[in-house]
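Here the structure comes first, spelled out in structure tokens, and everything after it is commentary.
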Amino acid sequence: MAQVVLREVVKTYGNLYAVNHVSLTVEDGEFVALVGPSGCGKTTTLNLVAGLMPISGGDIYIGDTLVNDLDPKDRDIAMVFQNYALYPNKTVFQNLAFPLKMRKLAKPDIERKVMEAAKVLDIVHLLKRLPRELSGGQQQRVALGRALVRDPKVFLMDEPLSNLDAKLRVQMRSELKRFQRDLSATVIYVTHDQLEAVTMADKMAVMSGGVLQQYDSPAQVFDNP
Ligand code: ADP
Ligand code: ADP
């Protein structure tokens, strides 16, 4: 089943077509990297899928659901940003538990889900710490964990590794990829870093000036630029 479908999606700001009739299908379990130069419309496209701004035209489906008019919280997605946006005064456990508390899960269920996510991301030993007591890579894992506990259909990531130093960035690339593979997670991943896209993505969506120029495997994109 196709998980995310964009059909002729448009976002305008006045006369500017930030996203210009973009159509693409992200299959279930696929990792798609959205790439292109600064200002080409990557973040806007991702934010439209997330429901963070109104769409100007076209349709977006997540699973079988037309989500054009759905609130972000009703879209079955989880977002991961470059600034991890962890709660500074909550422990790692509380940070992970927060989205589940909001959904009013029972305490034992919250504890079980938090432990599952913490194991996947290898942060069990950090659960009692505060964010400021963590390294950048550990904070990024917590941010991933907070997305993971929601059991979303789709992960939307906007440059999630760009605040990490070069070495850690490379390490987290493979961790993120393993995590995605283990879960067969559907991921749409915005990056301006071609190498990052090539090492992780099943497909690359190459944008330029709001238009989708190419949508193919990394090998195809580099053979036919
Ligand atoms: P990014 O690194 O994510 O591409 P940008 O510098 O493009 O960041 O944009 C940062 C923020 O400013 C975003 O929330 C974006 O929506 C907003 N923004 C970008 N360009 C404009 C603009 N021309 N007018 C108003 N807001 C803008
Ligand atoms: P990217 O993520 O590829 O850097 P964006 O999606 O942030 O690009 O921006 C696409 C285009 O839309 C850019 O020209 C940007 O300046 C413009 N833009 C983004 N947000 C706004 C906004 N809130 N108001 C006006 N223009 C915006």
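Structure data summary
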{"read-out": "Reach of Lys101 by Cα under 23 Å, taken over lysines that are not fewer than 8 positions away in the same chain", "value": "Lys73, Lys90, Lys113, Lys119, Lys128, Lys153"}
{"read-out": "Exposure proxy ranking, count of Cβ atoms within 10 Å, fewest first, for Val154, Val211, Val187", "value": "Val211, Val154, Val187"}
{"read-out": "Which of Lys104, Lys153 has the fewest Cβ neighbours within 10 Å, and the rest in rising order", "value": "Lys104, Lys153"}
{"read-out": "Point-to-point label distance, Lys101-Thr65, nm (Cα→Cβ direction, 7 Å offset)", "value": "2.5 nm"}
{"read-out": "Span-rule helices in the chain, defined as complete DSSP H runs reaching 15 Å or more along the axis (Cα) with Kyte mean at least 0.5", "value": "92-102"}
{"read-out": "Cα shape, the range 163-225, gyration tensor, a/c 1.5 rule", "value": "prolate"}
{"read-out": "Hz values of 3J(HN,Hα) by residue in the range 76-88 - Karplus curve (6.51, -1.76, 1.60), Gly and Pro given as x", "value": "6, 10, 9, 10, 10, 9, 6, 8, 4, 6, 7, 6, x"}
{"read-out": "DSSP beta bridge pairing in the chain, given as percent antiparallel to the nearest 5", "value": "55 percent"}
{"read-out": "Lysines whose Cα lies under 19 Å from that of Lys42, excluding same-chain neighbours fewer than 8 positions away", "value": "Lys11, Lys203"}
{"read-out": "Paramagnetic reach from Glu133 in the range 87-121 [backbone N under 14 Å; point 7 Å along Cα→Cβ]", "value": "88-95"}
{"read-out": "Val211 long-range amide H proximity, modeled H, under 5 Å", "value": "Asn20"}
{"read-out": "Ascending count of other beta-carbon atoms within 10 Å, so fewest first, for Met115, Met102, Met172", "value": "Met102, Met115, Met172"}
{"read-out": "Residue-by-residue Karplus 3J(HN,Hα) for the range 201-206, coefficients 6.51, -1.76, 1.60, Hz, glycine and proline x", "value": "8, 6, 9, 10, 9, 9"}
{"read-out": "Karplus-derived 3J(HN,Hα), 6.51/-1.76/1.60, for each residue of the range 208-220, Hz, glycine and proline x", "value": "8, x, x, 9, 7, 8, 8, 9, 6, 5, x, 4, 5"}
{"read-out": "Amide H partners (placed H, <5 Å) of Val190, local residues excluded", "value": "Leu34, Met157, Asp158, Glu159"}
{"read-out": "Value at 222 nm in deg cm²/dmol, rounded to 500, when DSSP H runs of n ≥ 4 in the chain each add -39,500 (n - 2.57)", "value": "-10500 deg cm²/dmol"}
{"read-out": "Cα-derived Rg to Rh of the chain, Kirkwood definition", "value": "0.97"}
{"read-out": "Among beta bridges that DSSP assigns inside the range 130-225, antiparallel share in %, nearest 5", "value": "50 percent"}
{"read-out": "Cα centroid separation - the range 147-225 against the range 1-72, whole Å", "value": "16 Å"}
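Every read-out reported here was derived from the displayed coordinates using simple, explicitly stated rules and does not represent laboratory data. All figures in this text were calculated on a predicted structure; none of them were measured in a lab. Backbone-built Cβ (ideal geometry, glycine too); neighbour counts: all protein chains shown.
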